[in-house]
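For reference, the structure discussed in these notes is given below.
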Amino acid sequence: MRIHVGSELTFDFPQPTPIIALLNVHYSRFSDLERPDCLTTTPAAPTEGYRDSFGNWCTRVVAPAGRFTLKTDAVIRDSGASDPVDLNALQHQVEHLPADTLQFLLGSRYCETDVLSEEAWRLFKHQPLGWPRVQAVCDFVHNHLSFGYEHARSTRTAAQAYAERRGVCRDFAHLAITFCRCLNIPARYCTGYVSDIGLPPPYAPMDFAAWMEVYLGGRWYTFDPRNNAVRFGRILIAQGRDAADVPLTQIFGPGTLSTFRVWTEEIQR
């Protein structure tokens, strides 16, 4: 299938303001793009790209004072396959994990493993290791938290989400990631596009989404505690330890987001 994806974010700035944006499709999908996934600005401003420590593509730009828009727009080819599932994927002992996965066992800004460790073992210690244990975590988080955009708060941590029992997709991801790390399962935070392809209408307004990847059976697998169901046409933008590593826009000064649009839709033949 072919999927049309993109976003448009418009800000109002009282003064020239530096921005770092993570809005481009992840490098692992570059070969699937039908044309370069360029970030454009209105008014036009010089941009500079670089890779962060996780390999994500970032764009630096200084926005002039006034109204300023960042936009991406691309067509990406997709196999049409769902998120991979392997019910027999095994959990590795910590001493056998690849070195590059170990950082995803540690606590981070929004994932307080030290706070939730005892609770994680209380809730999941009797669940079978591997895929069933991760799925049990997702089932619990999906049912424990109430989703609503009105619940969004940029400073909410996993422990706070657990206590408040509400949040948005990033809170679902943070809580599930934290539980997995407490259970010695490497888990990393992902942000990108999740489509409604294959689902019956009506569709909710499109937004960026957050999910997690866990390391089982020698590879990374996608789990989505917010939706807690296999989805089609998922497109990754960035990966990190948590949302602090991969903000869509990092603004170095005062500014107001005035409009925000995201699109991801299958192109009908």
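The values are calculated or read from the model by the stated rules, or taken from the named source; none is laboratory data. This one's a predicted model, so the numbers in the text were calculated from it and none came from an experiment. Virtual Cβ from ideal backbone geometry, glycine too; neighbours counted across all protein chains shown. SASA here: full protein model, heavy atoms, side chains in, ligands and nucleic acids out. Shrake-Rupley method; radii C 1.70, N 1.55, O 1.52, S 1.80 Å.
In what sequence, highest mean first, do 230-240, 127-137 appear when ranked by Cβ atoms within 10 angstrom?
230-240, 127-137
Where is the GNM fluctuation largest for the chain (alpha-carbon springs, 10 angstrom cutoff): N227, N184, N88?
Highest fluctuation of the listed residues: N88.
By per-residue mean of other Cβ atoms within 10 Å, what is the highest-first order of 19-29, 187-197?
Top to bottom by mean Cβ count within 10 Å: 187-197, 19-29.
By the gyration tensor of its Cα atoms, with a ≥ b ≥ c the square roots of the eigenvalues, what is the shape of segment 157-200: rounded for a/c under 1.5, prolate for a/b over b/c, or oblate?
oblate
Whole-Hz ³J(HN,Hα) for each residue in segment 96-112, computed from phi via Karplus 6.51 cos²θ - 1.76 cosθ + 1.60 with θ = phi - 60°, x for glycine and proline: what do you get?
My calculation for segment 96-112 gives 9, 6, x, 4, 6, 8, 5, 4, 8, 9, 8, x, 8, 3, 9, 10, 8 Hz in order.
If amide H atoms are built 1.01 Å from N in the plane of the peptide, which residues on other chains or at least 5 residues away come under 5 Å of the amide H of G49?
R60
Tell me which residues come under 5 Å, amide H to amide H, from L216 once H is placed; ignore anything under 5 positions away on its chain.
Those qualifying (amide H under 5 Å, at least 5 residues apart or on another chain) are Y221.
Relative contact order of the chain: what whole-number percent is it, with Cα pairs under 8 angstrom and at least 6 residues apart?
That works out to 30 percent.
Could you pull out every residue, at least 5 positions away or on a different chain, whose amide H is within less than 5 Å of the one on R166? Hs are placed 1.01 Å off N in the peptide plane, and Pro or chain starts have none.
Long-range HN contacts for R166: S146.
Between helix 113-124 and the chain, what is the angle of the helix's C-alpha long axis to the longest principal axis, kept within 0 to 90° and rounded to the nearest 10?
50
Using only Cα atoms, tell me the angle between helix 169-182 and the longest principal axis of the chain; keep it within 0 to 90° and round to the nearest 10.
40
Report D for segment 128-245 in µm² per second (integer): Stokes-Einstein, Kirkwood Rh on Cα pairs, 10 °C, 1.306 mPa s.
Using the Kirkwood radius from Cα pairs, D works out to 110 µm²/s.
Express in whole angstrom the spacing between the alpha-carbon centres of segment 143-175 and segment 21-100.
For segment 143-175 versus segment 21-100, the Cα centre distance is 24 Å.
When N counts the residues of segment 1-47, how does its alpha-carbon radius of gyration compare numerically with 2.2 N^0.38 Å, as a ratio?
1.41
On average over all directions, what projected area in square nanometres does the chain have, based on the convex hull of its Cα atoms?
14.7
Averaged over all directions, how much area does the convex hull of the C-alpha atoms of segment 9-81 cover when projected, in nm²?
If you wrap the Cα atoms of segment 9-81 in a convex hull and average its projections, you get 5.6 nm².
Given a 1.4 angstrom probe, I'd like the percentage of the accessible area of segment 1-88 that is carbon and sulfur, rounded to a whole number.
Carbon plus sulfur share of accessible area: 53 percent.
Nearest 5 percent is fine: what portion of the DSSP beta bridges confined to the chain is antiparallel?
Once the DSSP bridges in the chain are tallied, antiparallel ones form about 95 percent.
How charged is the neighbourhood of R2? Take every other residue with its Cβ under 11 Å from the Cβ of R2, and add Lys/Arg as +1 and Asp/Glu as -1.
Residues close to R2 contribute a combined charge of -3.
Whole number please: convex hull volume per residue of the Cα set in segment 43-144, in Å³?
Cα-based convex hull of segment 43-144, divided per residue, equals 229 Å³.
Kindly provide the Kirkwood hydrodynamic radius of segment 125-188 in Å, to one decimal, from all pairs of distinct alpha carbon atoms.
11.9
Which residue, P16, P201, P36, has the most motion in a Gaussian network model of the chain that connects Cα atoms within less than 10 Å?
P201
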